[in-house]
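Inspection log for the structure reproduced underneath, given as structure tokens.
Bear in mind that the values in this text are calculations on the coordinates, not laboratory data. Note that this is a predicted model, so its numbers are computed, not measured. Note that each Cβ is placed from the backbone with ideal geometry, even for glycine, and that neighbours are counted across all protein chains shown.
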Amino acid sequence: MLLKLSEAYLKRGDSALAIQTVEGALKLRAGPEVYARLGDAQTAQRRWESAEQNFRRALEMDTNCSRALAGLGTVLLRRGKFEAALDNLIRAVEADPSWARPHSDMGLVYMQLGRWDQAAEAYQESLSLSPRDADSLSKLGLIYFRQGNYDEAIEVLQRAVELDPYSAEAHSHLGIANAGANRLDEAISAYQKAIALNPTDSKSHYNLGVAYSKKGRWEQVIEAYRRCLEIEPQDLNARYNLALVYDRLKMTQDCVEQLQEGYRVALRKRSEAFLEKIQRELDRLGVPPQGLSERS
């Protein structure tokens with residue numbers, strides 16, 4: 001009863017109450033499922049170390065506890081230990097093949113590793129078990145885009161936004177897929193919806209700027225790139241592109257300002273590719289780059 005109650009608290013986003021409830025269950029019976037549930041609640045609070053300890057404690061009691069295996073896989077994924085995460089998620093699937101969650105997390109690991117075909121297979125399996133999972137649909141749509149299957153990506157992502165109209169990620173991915181298919185008006189609309197849901201997503205602002213630039217809507221391009229840079233000043237793509245737009249519009253001073261700031265950012269990030277590109281543009285304009293003393 002207490003474990004079901006803790007799961008309900010987690011689903012509604014109250015991880016603190018979930019932890020309190022599981023801790024109450026631990027006083028009654030300290031079994032592997034209880035420790036795994038505690039790990040799940042701590043994972044929701046991004047308490048990775050504590051969560052990992054409790055998942056491992058559960059696995060000491062039952063090496064085939066699917067919830068603990070999946071939870072440990074998730075924690076290792078978040079900590080960038082992709083191969084170890086994959087090992088645990090595969091074991092979780094073997095322990096409980098009917099549970100969608102480890103399949104979807106396997107998909108995310110494969111995405112991080114750039115193994116797109118295996119990522120697609122993992123999300124397809126997850127969706128066969130949980131067809132209305134909008135997050136898995138969103139990820140699968142992005143994978144299809146990466147594979148160049150734009151029509152499939154759009155179809156899947158439209159289902160994702162229908163199931164969860166408030167998912168900024170799904171709308172953003174739908175914009176990316178539409179842009180890949182050169183459906184720029186649809187891409188712009190999707191990016192705008194993503195931004196309305198999550199105004200601080202710099203990538204959606206950047207992608208919106210790219211879409212506007214393909215339509216030659218330069219005022220909107222400038223606005224989108226500037227908003228991206230307000231959120232993420234280190235975005236060299238946005239800064240370089242904005243400089244090129246200013247140059248196209250004969251706004252030379254603004255162009256130089258963006259190039260100089262981009263040069264400083266590139267120095268700090270040690271980005272040789274951007275340093276060379278920006279240097280070429282400054283040379284063409286007859287302006288020496290600033291910030292040379294920072295280079296080492």
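A few notes on this one:
- Full extension of the segment from residue 284 to residue 46, taken as 0.36 nm per residue of separation minus the current Cα-Cα distance, would add 80.8 nm.
- In terms of the mean number of neighbouring beta-carbon atoms within 10 Å, the peptides 150-158, 168-176 order highest first as 168-176, 150-158.
- Sites residue 192 and residue 129 - FRET efficiency at Förster radius 30 Å, r taken between beta-carbons, to 0.05: 0.35
- Ratio Rg/Rh, restricted to the stretch 1-108 and using Cα atoms, in which Rh is the Kirkwood radius: 0.95
- Relative contact order (%) - the stretch 234-296, alpha-carbon pairs under 8 angstrom, separation at least six: 30
- Extension gain for residue 146-residue 249 works out to 33.8 nm (0.36 nm per residue, less the C-alpha to C-alpha distance).
- Least to most buried among 55, 145, 82 (fewest other Cβ within 10 Å first): 82, 145, 55
- Across the chain, the volume of the C-alpha convex hull divided among the residues equals 152 Å³ per residue.
- Value at 222 nm in deg cm²/dmol, rounded to 500, when DSSP H runs of n ≥ 4 in the chain each add -39,500 (n - 2.57): -25000 deg cm²/dmol
- For the peptides 87-93, 134-140, 179-185, residues were scored by their other Cβ atoms within 10 Å and the scores averaged per peptide; the highest-first order is 134-140, 87-93, 179-185.
- Top positive-direction residue, dipole computed over the chain with Cβ charges, set 175, 104, 30: 30
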